[in-house]
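Below is one structure, written out as C-alpha cells; comments come after it.
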Amino acid sequence: MTQLEWLDWCARELAADGVVCDANHFPRLDSDYLAQVKKVAVDCGLTIAGVWSSDFFANDERAMQSALDLADAIGAPLLIAPMQSEVQTSWADAMQRVSVAVRLAKAINVTLGARNQIDTLVAGGHELKRLSKEADSAWLRYALDVDALDAASEPSDLLEKTVMLSHVHDPGEIDSDEFPKTRRTLDLADRFHGFLTIEIADGQADPAAMRNALRKWRTLLAEDLLGEAL
C-alpha cells in the first residue's frame with residue numbers, strides 16, 4: 001500500500017491512536033506531499049508521534065537538517081534514531097555528530113529520541129545516561145526499548161528522560177499466554193505518560209502481524225484494568 005493508504009489503514013483497520021513514519025517510506029519530500037501526509041493524518045484522527053530515521057546520527061549536517069525539516073513539516077514532535085555501532089564509528093566521533101544534531105534540533109524545536117539498540121554504541125542504560133550527560137541538551141531524550149536493555153540497566157531510572165517507549169513485537173510470542181517480553185514493557189508503561197510504539201521484529205510487518213500485536217496489547221491492558229477494578 002502507499003504511505004497515504006497506510007495512514008488510512010492504521011486508523012480505520014487497526015484503530016490506532018497514532019503512527020511513527022519511517023523517513024525512508026516517503027516517496028516525495030516536496031511541501032505539497034508533506035502537507036498532504038499531515039492532512040490525511042488529521043482527517044483520520046491519527047497523531048504523528050514521530051519520524052524514524054535509521055541513519056540520522058550517521059549523517060552529515062545537511063542530511064540531519066533535511067530529516068528534521070521533514071519531521072517539522074508533518075507535525076512530528078520527535079525524531080527517533082539509533083546510534084551507530086562501534087565498528088562504524090568511535091564514541092568521540094559519534095558525539096561530534098550528536099553535538100551538531102542537538103543544535104539543529106533546538107533551532108527547529110523537534111526533540112531527538114535516542115533509541116537504544118543491541119550492537120550499537122548506545123544499548124543499555126549506562127550508555128543512554130552517558131549520552132545525555134555529554135550532549136547536555138533538553139532536545140535529546142530517550143526512545144526506550146526495554147527488551148534491548150542489558151541486565152544491569154534499571155528501566156525505571158531512565159523514565160525521567162524517556163519520551164517514547166518502543167516495543168518490538170515477536171509474532172511467535174502470540175502463542176504464549178504470559179507474553180514475558182511484553183509484560184516487562186507493560187510494567188514500565190504503567191508509570192509512563194507518553195507514546196508507546198509497536199514494531200514488528202525484523203521489519204516483517206504485514207496486516208496480520210500488526211493486528212495480532214495490537215490485539216495482544218489491548219488484551220493485556222484490559223486485563224490490567226479489570227484486575228485493578230476488582
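The values are calculated or read from the model by the stated rules, or taken from the named source; none is laboratory data. Please read all numbers here as calculations on a predicted model, not as lab measurements. Reconstructed Cβ throughout: ideal geometry from the backbone, glycine too, with neighbour counts over all protein chains shown.
Residue count for region 40-62 under the criterion of being loosely packed, with under 14 Cβ neighbours inside 10 Å and assigned to a helix (DSSP H, G or I): the result is 4.
Taking region 7-37 as the range and being surrounded by 15 or more Cβ atoms within 10 Å (Cβ to Cβ) and either at positive phi or in a helix (DSSP H, G or I) (or both) as the test, the residues that pass are Leu7, Asp8, Trp9, Cys10, Ala11, Ala23, Tyr33, Leu34, Gln36, Val37.
At pLDDT 95 or above, among the acidic types (Asp, Glu), more than 24 Å from Pro207 (Cβ to Cβ) and more than 20 Å from the chain's Cα centre (by Cα): is that true of Glu5 in this structure?
Values: at pLDDT 95 or above: yes; among the acidic types (Asp, Glu): yes; more than 24 Å from Pro207 (Cβ to Cβ): no; more than 20 Å from the chain's Cα centre (by Cα): yes.
Criteria not met by Glu5.
In region 84-127, the residue that is surrounded by the most Cβ atoms within 10 Å (Cβ to Cβ) out of those that are at pLDDT 95 or above, charged (D, E, K, R) and more than 21 Å from Leu159 (Cβ to Cβ) is Arg97.
Among residues of region 44-70 that are at pLDDT 95 or above, those with a Cβ under 6 angstrom from a residue that is of a type outside the set (A, V, I, L, M) and in a strand (DSSP E or B), sequence gap 6+ or separate chain, pair up as Leu46/Gly18; Thr47/Gly18; Ala49/Gly18; Ala49/Phe195; Val51/Cys21; Trp52/Asp22.
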